[in-house]
1. So if I take the centroid of the Cα atoms in the range 326-391 and the same for the range 265-306, what is the distance between those two points in Å?
2. I'd like the Karplus ³J(HN,Hα) series for the range 298-307: coefficients 6.51, -1.76, 1.60, θ = phi - 60°, whole numbers in Hz, and an x wherever there's a Gly or Pro.
3. Top mean-square fluctuation among 128, 173, 328, Gaussian network model of the chain, C-alpha springs under 10 Å?
4. Rounded to the nearest 0.05, what FRET efficiency is calculated for residue 49 and residue 257 with R0 set to 41 Å and r the Cβ-Cβ distance?
5. Please report, in debye to the nearest 20, how large the charge dipole of the chain is about its Cα centre when each Lys and Arg carries +1 at its beta carbon and each Asp and Glu carries -1 there.
6. Explain nothing, just compute: Karplus ³J(HN,Hα) = 6.51 cos²θ - 1.76 cosθ + 1.60, θ = phi - 60°, for every residue of the range 251-262 in order, whole Hz, x for Gly and Pro.
7. Check residue 192: other-chain or 5+ apart residues with amide H under 5 Å from its amide H, H built from backbone geometry?
8. For the chain, set up a Gaussian network in which alpha carbons nearer than 10 Å are linked by springs, and say which option among 375, 93, 223 fluctuates the most.
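Since every read-out is calculated from the coordinates, none of them should be taken as a lab result. Values in this document were obtained by computation on a predicted structure and should not be read as measured data. Cβ placement follows ideal geometry from the backbone for every residue including glycine, while neighbour counts extend to all protein chains displayed.
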Amino acid sequence: MFQTIRFVFVLSFVFMGPALGAPQQSFSDFLIRFEQKAIAAGIPKSVYKVATKDLQPDPSIKVAEGSQPEFERPIWAYLDQRITSDRINRGRAAFKRNEALFQNIGSAYGVDPYMLAAIWGVETDYGAVMNNDRYFKPVLRSLFSLVHQRRGRVKLDEAELIAALRIYAQGEAPLGGLKGSWAGALGHLQIMPSAFLTHGTDFDGDGRRDPHGSLGDALASSAKWLLGLGYQAGRDWGYEVNLPGDFDYMLAGRTKFQPVSFFERRGVTRVKNRKFMDENEQVFLYVPAGAYGPKFLMTKNYLALKGYNFADSYALAVAHLTDRLKGAGSFVADWPRDVKFLNRQQRIDLQRKLTKLGFYRDKIDGRFGPISQAALRQWQNANGHLADGFATFDVYNMILKSN
Ligand code: CA
């Protein structure tokens with residue numbers, strides 16, 4: 001089961017963003033130097049001393065050149081791996097076991113309790129990995145190790161480290177009591193320490209905010225985090241839709257919100273003849289596999305999920321598992337499983353070429369995310385092709401040969 005969750009990636013030494021190179025200083029020198037930053041951020045010196053006494057780095061955390069697995073494979077491979085029938089069945093059972101709690105939190109915050117259950121499932125396999133020391137580690141040690149390694153997102157890592165130190169300094173957890181993934185997220189639903197400081201909630205009323213020992217606290221804290229990320233109560237995450245054959249894909253993209261009626265006028269319908277809930281609801285068109293696979297009108301709640309974890313594959317996995325836990329089936333459209341997917345080097349080549357051709361102005365990192373897809377759409381549109389932004393091998397060849 002553990003192979004199917006994100007904790008396993010610590011073993012493959014693959015991290016988000018390029019590394020800035022090997023650490024410049026020993027771990028013990030780093031701990032001494034970082035003390036000034038921690039104190040400047042309001043962490044008492046005595047707390048810092050206790051937290052770092054005899055601390056050794058986690059040897060399994062090694063920053064390598066590369067990117068998150070969410071970007072390495074086609075989105076359907078990620079979804080297939082995360083949303084198995086076993087995970088759906090166990091999720092439905094886990095929801096039933098805690099039904100009163102889920103419903104209470106749903107009505108207290110207006111966040112879909114099935115979505116919280118889906119986050120729980122994708123993050124920690126409904127808490128199953130929390131007792132496994134291989135995947136669930138002391139968060140302070142993980143964050144000190146990460147900041148020492150100085151991966152591409154070191155500023156964010158530092159902020160999370162300070163936040164985790166603050167939680168400990170406030171007496172909210174014993175040393176070593178903050179546990180989670182190598183990336184520093186906490187407890188059942190893997191809330192980031194900075195989000196926990198702001199949104200952490202004592203839902204069970206025992207006087208402590210505890211994302212690890214209390215499922216209620218964990219669910220309520222993440223519900224509040226989602227609200228902080230723009231989640232709108234009573235709204236769905238989005239809708240699978242059908243597009244007419246001549247649809248203008250330039251209308252796709254997460255910055256292009258329009259009311260549902262805007263898309264309806266252009267022939268967009270919900271699958272299975274379902275009705276939209278509200279014609280005025282603001283949505284954007286998301287086509288993860290261009291003209292080939294499932295297509296979606298997404299609400300702001302989908303963007304809230306991307307705030308929880310930026311990868312679209314993650315957000316779509318949580319969204320889909322939410323529906324599956326409610327009893328829905330798989331997406332109606334099939335993924336283009338036989339299309340040849342670009343490898344990392346080819347994605348880098350494509351970004352370089354799109355830059356050279358004047359369509360792309362962002363990082364050359366081999367991650368073909370929304371900005372790269374928008375650039376590809378621009379190129380396709382300018383060259384008389386269906387502008388679906390889907391980087392197939394054929395499209396790649398065409399662009400590499402063009403001038
Ligand atoms: Ca509590």
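1. Between the Cα centre of the range 326-391 and that of the range 265-306, the gap is 19 Å.
2. Coupling constants for the range 298-307: 9, 8, 5, 5, 5, 5, 4, 5, 5, x Hz.
3. 328
4. On the way: r = 50 Å, r/R0 = 1.21.
In this case the efficiency is close to 0.25.
5. Details: 52 positive and 40 negative charges, 137 e Å.
Magnitude of the dipole: close to 660 debye.
6. Along the range 251-262, the couplings run 7, 7, x, 6, 9, 10, 5, 8, x, 3, 4, 4 Hz.
7. 186
8. Of 375, 93, 223, the most mobile in the Gaussian network model is 93.
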